[in-house]
Amino acid sequence: MKNFNSSALHSHSQSTNHIRERNSRKYSLLSVLPLRFSLRGYGFCMATLFLFCFGSLFYQLNGGPPKILLDIRQYLGLCGKNHWSVKMAPSRLFIHKDRVARHLVSCLHDCKTRKGGSTYLDDHGQPAPRVLPFPSQVIYNRVGKCGSRTVVILLRLLAEKHQFNLVSSDIHNKTRLTKHEQVDLMKNISSIPQPFLYTRHVHFLNFTRFKIEQPVYINIIRDPINRFLSNYFFRRFGDWRGEQNHLIRTPGMKDDERYLDINVCILENYPECSNPRVFYIIPYFCGQHPQCREPGVWALERAKQNVLENYLLVGILEELEDVLLLLERLLPHYFTGVLNIYKSPDYKKMGNMTGTVRKQTPTLEALQVLYHRMRYEYEFYNFVRDQFHLTKKKIGLKSVSKPPAYSNDFLQQLALRTPEPLDEDEELETDLEDANSWLVHP
């Protein structure tokens, strides 16, 4: 006979033990959970503390809160709470940052500030101006008959393309200025909105002498004899743009002077073909000092010094494409794409109109006399050419240079065959120290 009571008791005991085991497991899990929450909370607290410390350090280093907080403050202070788009959620605040940025500018004009309230402009001043390229002040004190009109045409096209201010002076016959004229011109140049490029036929201006910020200079020169011949015939007969232009430019020139043979002018020592008229290139780099117009070593050395200290680039016209390429490398915000414009068919048609007409080459005897009178000009030209080639080498520019109008061998032969000077220039008595002191004091 089966004992049902015993089996039931055993079954009840077994179920009770199972329930106890299950409850014990449940309680053990619950005992672990607080530990897990505490570790997570601990990590959250440490992360919050780290962010707070980092934010505080960032605040102190930058002198103020992050930009987004300033924007929010500005927006709240100027426009009130009605302009905000805010979504409230339990323990969270979502602010539409893009809408803040979108309304900041309009709020400055549409909303009135409260009396006695702090505003963004009061705390931080005017917005920072746009970043300007360096250099943003460039002067091209172009030397006459050294390709300046060709470059100015290019600059007009580049100014429209790159949005810089090009100011080209219409004054062509006043290269030497009084002190007051220098100051007025410097102030006018400095007031041009930057970035700008100012161009004029004017001798070098020393801005620092009058405590004005010195711009960056660029220029181009050419073989001195070739420049002289181009100027001589251009004044008489103009260029291919029109046969009557020279009459407008030199209305007082008589026919006997206009058709004067270049050899007669040189050999018979006419003023136009002798010093100081042929001492032309160096004063553009020497400056406004009176001695800069006197042919001699002082003006030559001062011109060299200015080239090294104040000119970003001085190129030579015989290698114009290389000059434009270097300008594109050194001043990309002014000259990017200049070679493409220079080589375009439309520009070629325009550039061909600037060539001087009726140009003739003097006899060998006349060239000998002219070369001796321009010996300082050639020394300066050779110096500039060497510096230009050195700059090309530093940048890694490999190009085929065009030969100069008069080769070195030819000029050396002229120097050997040139007789004693016709008119020996008197040595300047004032030394370099006196000249420098004159420049320092206005």
- Task: Only one of these is touching a helix residue (DSSP H, G or I) at 6+ places or on another chain (Cβ under 7 Å), closer than 22 Å to residue 162 by Cβ and not in a helix (DSSP H, G or I): 313, 325. Name it.
- Result: 313
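Does residue 331 meet the test of being touching a residue at least 40 places away in the same chain (Cβ under 8 Å) and out of contact with any Phe, Trp or Tyr (no Cβ under 8 Å at 6 or more places or on another chain)?
The answer is yes for residue 331.
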- Answer yes or no: is there a residue in the stretch 339-348 that is under 21 Å from residue 214 (Cβ atoms), assigned to a helix (DSSP H, G or I), touching a residue at least 12 places away in the same chain (Cβ under 8 Å) and under 24 Å from the mean Cα position of the chain (by Cα). no
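Among the candidates 131, 167, single out the residue that is without any contact (Cβ under 8 Å) to a residue 40 or more places away in the chain and outside the structural domain of residue 289 (by TED's automatic domain parsing).
Residue meeting the stated conditions: 131.
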- Message: Quick check on my filter: what residues within the stretch 341-376 are exposed (fewer than 15 other Cβ atoms within 10 Å of the Cβ) and either hydroxyl-bearing (Ser, Thr, Tyr) or modelled with pLDDT of 95 or more (or both)?
- Response: 344, 361, 363
- Residues in the stretch 177-194: is at least one in contact with a Pro (Cβ under 8 Å, 6 or more places away or on another chain), closer than 12 Å to residue 141 by Cβ, touching a residue at least 60 places away in the same chain (Cβ under 8 Å) and of a type outside the set (Ser, Thr, Tyr)? no
- Query: Applying the selection to the stretch 130-151, what residues are farther than 28 Å from residue 209 by Cα and out of contact with any helix residue (DSSP H, G or I) (no Cβ under 6 Å at 6 or more places or on another chain)?
  - Reply: 130, 151
- Query: For the stretch 192-214, does any single residue satisfy the condition of being at pLDDT 95 or above and of a type in the set (Asp, Glu)?
  - Reply: no
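The values are calculated or read from the model by the stated rules, or taken from the named source; none is laboratory data. Predicted model only: the values in this text are computed from it and were never measured. Don't worry about glycine lacking a Cβ; one is built from the backbone with ideal geometry, like all the others, and counts go over all protein chains shown.
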